[in-house]
There are 2 protein chains.
Amino acid sequence: MMLPRSIKHCRNCGTAVIYRVPDDGDTKERAVCPGCDTIHYENPLNVVGTVPWFGDKVLLCKRNIEPRWGKWTLPAGFMELGEGTAQGAARETHEEAGAQIEMEALFTVLSVPRVGQVHLFYRARLLSDVFEPGFETIEARLFSQAEIPWEEIAFRTVKETLQRFFEDRARGSFGVHAYDIV
Amino acid sequence: MMLPRSIKHCRNCGTAVIYRVPDDGDTKERAVCPGCDTIHYENPLNVVGTVPWFGDKVLLCKRNIEPRWGKWTLPAGFMELGEGTAQGAARETHEEAGAQIEMEALFTVLSVPRVGQVHLFYRARLLSDVFEPGFETIEARLFSQAEIPWEEIAFRTVKETLQRFFEDRARGSFGVHAYDIV
């Protein structure tokens, strides 16, 4: 796999970096600053969100931002410093859908090595079917399993999470699903 | 919470950044480049590892690196770009302990907001009790529950993961444990 080389300058001193294997026993090339010796690591990002459910329906949000403008997604976004995974998932659900929820258990942990991300979704019980979408969302509405616009789902991890959710619900028992999306 | 402001210069052009709320609807201060308008995000990092078990014992590694030199840990390290969580956990187990394992299910997902990390541990069945520790490890050895050096465990997430492991094993059923370490 070709890894991104998005770092051109040192975050500490601004000098142009060079990519090489550091001298500390590391085995991978990193952006190393020839000026101040800072080693810059690039690591996967977490995306955290929820499967908000109300009766037999699930809440989806129509995206008002790129990528995938106009496609449907579960409320989710990049985890921020200073928060835990569940807290971030609740924050995103509030920001994107204005939904009132009671957080439940972790449901999916889906790695997407191709884009350097891990997507973590929690189940969340909706306390109301009234939503106040934020600026990132065109529309927030409930879908039964038969109504899900499968061909209009924004991301593969969202589609997989919805599939696992309806499968587990039909079985009457929710697990935790952790696997890679390749 | 005070978040780190470790970015002083733009990774794209080297200009000194300023911390401010971007103009794109964001609500948090980010390092923004006044030269090329690049917005720099700082996000939590994933640490991935395993609970390698052999009969009624668990494999621990004595750290040969800082922080916590000389303390005992489960094999774990920062997840890299281009790999999934399980793959990273297996890699770290190989690098730090030289252990032969069969990966099992995800076991703990522990957020540590104070340091901006999420620690994910998988259970892993040891195929052999012969280890070949890498340079980051002074010694790799098996411990029964009674032998675990609880006061000499390097990290809180490792201690919690070991506690959950022995609790679940006593109960005869392993779950997935996701919570915050505050």
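The values are calculated or read from the model by the stated rules, or taken from the named source; none is laboratory data. As the structure is a computational prediction, the values presented were derived from the model and not from experiment. Cβ: placed from backbone, ideal geometry, glycine included. Neighbour counts: every protein chain shown.
Within segment B:120-144, the set of residues being part of a loop (DSSP other than H, G, I, E, B) and either modelled with pLDDT under 95 or farther than 25 Å from residue B:170 by Cβ (or both) comprises B:128, B:130, B:131, B:132, B:133, B:134, B:135, B:136.
Scanning segment B:1-40 for residues that are assigned to a strand (DSSP E or B), crowded, with 17+ Cβ neighbours inside 10 Å, touching a His at 6+ places or on another chain (Cβ under 9 Å) and not β-branched (Val, Ile, Thr) turns up B:9, B:30, B:31. Within segment A:67-75, can one find any residue that is under 13 Å from residue A:158 (Cβ atoms), touching a Gly at 6+ places or on another chain (Cβ under 7 Å) and part of a loop (DSSP other than H, G, I, E, B)? Looking through segment A:67-75, at least one residue is under 13 Å from residue A:158 (Cβ atoms), touching a Gly at 6+ places or on another chain (Cβ under 7 Å) and part of a loop (DSSP other than H, G, I, E, B). Apart from one condition, residue A:59 fits all of (1) under 14 Å from the mean Cα position of the chain (by Cα); (2) more than 14 Å from chain B (Cβ to nearest Cβ); (3) crowded, with 16+ Cβ neighbours inside 10 Å; the exception is (1).
Applying the set (1) over 16 Å from residue B:161 (Cβ atoms); (2) surrounded by fewer than 24 Cβ atoms within 10 Å (Cβ to Cβ) to residue B:99 leaves exactly one unmet item: (2).
Close contacts from segment B:67-90, counting a first residue that is among the small types (Gly, Ala, Ser) and a second that is in a loop (DSSP other than H, G, I, E, B), with Cβ to Cβ under 6 Å and a gap of 6+ residues or different chains, come to B:82/A:1; B:82/A:3; B:88/B:79.
Residue check: residue A:73 meets all listed conditions (1) polar (S, T, N, Q); (2) facing another protein chain (nearest Cβ under 10 Å); (3) touching a helix residue (DSSP H, G or I) at 6+ places or on another chain (Cβ under 9 Å) but one, namely (2). Does residue B:43 satisfy the condition of being surrounded by fewer than 19 Cβ atoms within 10 Å (Cβ to Cβ), assigned to a loop (DSSP other than H, G, I, E, B), in contact (Cβ under 8 Å) with a residue 40 or more places away in the chain and facing chain A (nearest Cβ under 10 Å)? Judged against the criteria, residue B:43 is a match. Among the residues making up segment A:77-102, a single one is assigned to a loop (DSSP other than H, G, I, E, B), more than 12 Å from chain B (Cβ to nearest Cβ) and either among the hydrophobic types (A, V, I, L, M, F, W, C) or within 21 Å of residue B:115 (Cβ to Cβ) (or both): A:99. Across segment A:105-115, a minimum of one residue is classified as more than 12 Å from residue A:51 (Cβ to Cβ), within 14 Å of another protein chain (Cβ to nearest Cβ), among the small types (Gly, Ala, Ser) and touching a strand residue (DSSP E or B) at 6+ places or on another chain (Cβ under 7 Å).
In summary, residue A:51 fulfils each of the numbered conditions (1) part of a strand (DSSP E or B); (2) in contact with a helix residue (DSSP H, G or I) (Cβ under 7 Å, 6 or more places away or on another chain); (3) within 14 Å of chain B (Cβ to nearest Cβ); (4) under 25 Å from residue B:84 (Cα atoms) with the single exception of condition (3). Applying a threshold of 7 Å to beta carbon distances and a minimum spacing of six or more residues, or different chains, the list of pairs starting in segment A:11-30 at a residue that is within 11 Å of chain B (Cβ to nearest Cβ) and at positive phi and ending at one that is exposed (fewer than 13 other Cβ atoms within 10 Å of the Cβ) and aromatic (Phe, Trp, Tyr) reads A:25/B:135.
For segment B:133-176, a residue qualifies if it is touching a residue at least 12 places away in the same chain (Cβ under 8 Å), crowded, with 16+ Cβ neighbours inside 10 Å and under 15 Å from the mean Cα position of the chain (by Cα), and the qualifying residues are B:136, B:153, B:154, B:155, B:157, B:158, B:160, B:161, B:162. Which ones in segment A:147-182 are part of a helix (DSSP H, G or I) and farther than 23 Å from residue A:68 by Cβ? The answer is A:167, A:168, A:169, A:170, A:171.
Please go through segment B:108-131 and give me each residue that is touching a His at 6+ places or on another chain (Cβ under 9 Å) and either free of Cβ contacts under 8 Å to residues at least 24 places away in the same chain or farther than 16 Å from residue B:73 by Cα (or both), ordered by number. Result: B:109, B:111, B:112.
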